[in-house]
Amino acid sequence: MKKYKVLICLLVSAALWQACADDESEQPKPQPAVYDATAYELNYYGLPAPNLPADNQLTKQSVQLGKMLFYEPMLSRNGVQTCATCHSQPSSFSDTAKFSIGVEGLPGKRQSMAIFNMAWHTNQFFWDGRADLLRDQVLMPIQDPLEMNETLENVVAKLSGTQLYRDQFMRAFGTEDVNPERISLALEQFILTIISANSKYDKYKAGLAELSESELRGLELFEAEYNPFFPEFSGADCQHCHGGPNFENDLYMNNGLDIEADFLDFGRENATENPADRAKFKVPSLRNIAVTPPYMHDGRFATLEEVVDHYNEGIHPSPTIDQALLATAETGLFLTTEDKTDLINFLKTLTDETYLENPEYASPF
Ligand code: HEC
Ligand code: HEC
């Protein structure tokens, strides 16, 4: 009887072992990667049609490659930093540090910028606009000694050393060849797909949500012009610069942060070499502004309250300041405590949780 049991046990184990072995041999063999030009469908909600480059049509596989690269530590010299280190999704693809720390442990010179709705930015990139196109911009942080500090040659060598990337370059471009141009085009594609247009404010515009009394008053203050003859009864005129569907105007301006003697960063003048552009910076979008502290190109303000106080009573005149702001420099905007609260409550309606949590933009690894 005992012998019989042992035999059964042996038979069962053998059968199990065989089943496992069969399982292994039945695993699907890795399919060779093939080129796939399926278009990527953009969802841009109620925004006007985006301005997409005709010579870099969005495809699912190139966008996927761009996303992999955005989250790829091999792009940096120390093999740790990625684009997302300084552009993190919960912070609207910006950085909470005043100055982001590069791979050599040294701080950069400016605050990281939020990345979304770049397809609607038609006038260059960076705080000073020194990059013409996104495809030019994306290769710069890789080589910047204060950022990822890596050579393109090394990046190409590291990526082409992996089957994962050789396959993805094949799917995206039709051959396994890894080169800087392809890296830049794929990163451009991924960045172009990052869209935020589903905030409470957007839902309100679409008739799908209501704004509170305070938020509506804030919106009114945001839009209403400042009248130097009746300053107490006029608005804050933020939309003068932060206007349109993306709350920016594609221009570089001086918003009165410093007097001339205190300029530490010449901003736009670095890119244009025109002294008339001194201390002018990109007018940033105010979408998702509540989640992107600190504020301004040098991260000098920690809170939206400090920002509003700046516009209300801290404008410093200088030769290149915007004329509308100059008009408020002496008197201020006369915003009451309630006005300021309302204005900030309105700014908070521009936060878009759908975008901040969208898995399409999250790390693929
Ligand atoms: C060490 C931090 C850091 C890393 C890493 C980094 N960035 Fe940035 N990024 C910044 C800072 C700071 C700015 C603003 C710099 C300036 O204006 O001089 C910026 C600006 C940008 C802008 C301009 C946005 C606009 O509105 O003009 C884009 C796009 C961007 N980065 C994409 C990337 C990509 C893609 C990568 C990875 C290849 C990357 N960044 C890596 C810190 C970083
Ligand atoms: C004359 C144009 C102009 C007006 C008017 C204006 N801004 Fe700005 N705003 C700018 C510019 C330019 C910057 C970037 C300046 C810099 O970093 O050097 C900026 C930056 C900001 C930032 C920080 C953005 C970031 O990503 O760090 C906030 C918040 C802001 N403005 C809110 C407002 C509010 C609220 C009002 C109305 C009370 C207003 N702005 C009026 C031009 C303007």
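Just so it is clear, none of the values below were taken in a lab; they were calculated from the coordinates. Here the structure is a predicted model, which is why all the values come from computation and not from measurement. Neighbour counts run over all protein chains shown; Cβ positions are idealised from the backbone, glycine included.
Quick rundown of the values:
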| quantity | calculated |
| --- | --- |
| Simple spin-label estimate for Glu305 and Glu273 in nanometres, 7 Å along Cα-Cβ | 4.6 nm |
| Cα pair distances of region 167-259 binned at 5 Å [whole percent] | 3, 10, 12, 14, 13, 10, 9, 9, 7, 6, 4, 2, 1, 0 |
| Region 302-312 - phi-based ³J(HN,Hα) in whole Hz, Karplus 6.51/-1.76/1.60, Gly and Pro as x | 7, 9, 5, 4, 5, 4, 5, 4, 4, 5, 6 |
| Rg to Rh quotient for region 48-174, alpha carbon positions, Kirkwood Rh | 0.96 |
| Hull volume in cubic angstrom per residue (convex hull over the Cα atoms of region 200-349) | 106 Å³ |
| Theoretical FRET efficiency, 1/(1+(r/R0)^6), r = Cβ-Cβ of Leu264 and Glu104, R0 30 Å, to 0.05 | 0.90 |
| Alpha-carbon centroid distance for the pair region 194-271 / region 316-365, whole angstrom | 6 Å |
| Gain on full stretching of the segment that runs from Glu360 to Asp250 - 0.36 nm per residue minus C-alpha separation | 37.0 nm |
| Extension gain, Phe233 back to Thr96 (0.36 nm per residue minus Cα-Cα distance, nm) | 45.7 nm |
| Fewest-first sequence of Ser160, Ser100 by Cβ atoms within 10 Å of each Cβ | Ser160, Ser100 |
| Pairwise FRET efficiency - Thr122 versus Lys29, Cβ, R0 = 30 Å, nearest 0.05 | 0.05 |
| Quotient of Cα Rg and 2.2 N^0.38 Å for region 249-300, N being how many residues it contains | 1.19 |
| Within the chain, helix-based [θ] at 222 nm, where runs of 4 or more DSSP H residues each add -39,500 (n - 2.57), nearest 500 | -10500 deg cm²/dmol |
| Long-range amide H partners of Lys280 with built H, under 5 Å | Arg268, Glu269 |
| Relative contact order (%) - region 200-349, alpha-carbon pairs under 8 angstrom, separation at least six | 29 percent |
| Footprinting exposure proxy for Glu223, Glu181 (fewest neighbouring C-beta atoms within 10 Å first) | Glu181, Glu223 |
| Top of Asn255, Asn246, Asn154 by mean-square fluctuation, Gaussian network on the chain, Cα under 10 Å | Asn154 |
| Ranked Thr122, Thr272, Thr82, criterion: other C-beta atoms within 10 Å, fewest first | Thr122, Thr272, Thr82 |
| For the chain, fraction of C-alpha pairs farther apart than 25 Å, in % | 61 percent |
| For the chain, built as a Gaussian network whose Cα springs stay under 10 Å, the top-fluctuating residue of Ser92, Ser214, Ser76 | Ser214 |
| Out-of-range pairs (alpha-carbon distance over 18 Å; input Lys67/Lys348; Lys109/Lys280; Lys200/Lys348) | Lys67/Lys348 |
